[in-house]
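None of the figures in this text is laboratory data; all of them are computed from the coordinates on show. The structure displayed is predicted, hence computed values, not measured ones. For neighbour counting, all protein chains shown are included, and Cβ atoms are generated from backbone atoms with ideal geometry for every residue, glycine included.
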Amino acid sequence: MHDYIWGAVWVLIPLTAILSGVVKRWLTFKERQLDTTAKVAGEQAAQYAAKIERLEAHVAVLNRIVTDRGTYLAAEIDDLRTPASKLN
């Protein structure tokens with residue numbers, strides 16, 4: 001009986017060392033995968049934030065044009081139609 005236990009111990013020790021190395025490599029891979037996913041998500045969030053900022057600026061201009069009843073409305077529309085090359 002004692003021989004069986006010692007035989008199992010001598011088999012389990014190297015097996016445990018091998019499996020711990022495999023688990024360590026797998027965990028390292030998963031950590032890199034999560035880092036890459038987080039980086040991509042951060043870049044997308046920055047792009048979405050910039051897009052939202054541009055859209056808010058456009059909505060503000062449209063809101064100002066729609067609600068402005070003054071005499072400057074026609075001039076502002078004409079300024080928007082004027083190409084940038086004519087302004088310089």
- Task: Taking 7 Å along the Cα-to-C-beta vector as the label spot, tell me the Ala8-Val40 distance in nanometres, rounded to one decimal.
- Result: 4.5 nm
- Between Tyr48 and Glu31, what is the spin-label point distance in nm, taking each point 7 Å from the Cα along the Cα→C-beta axis? 2.8 nm
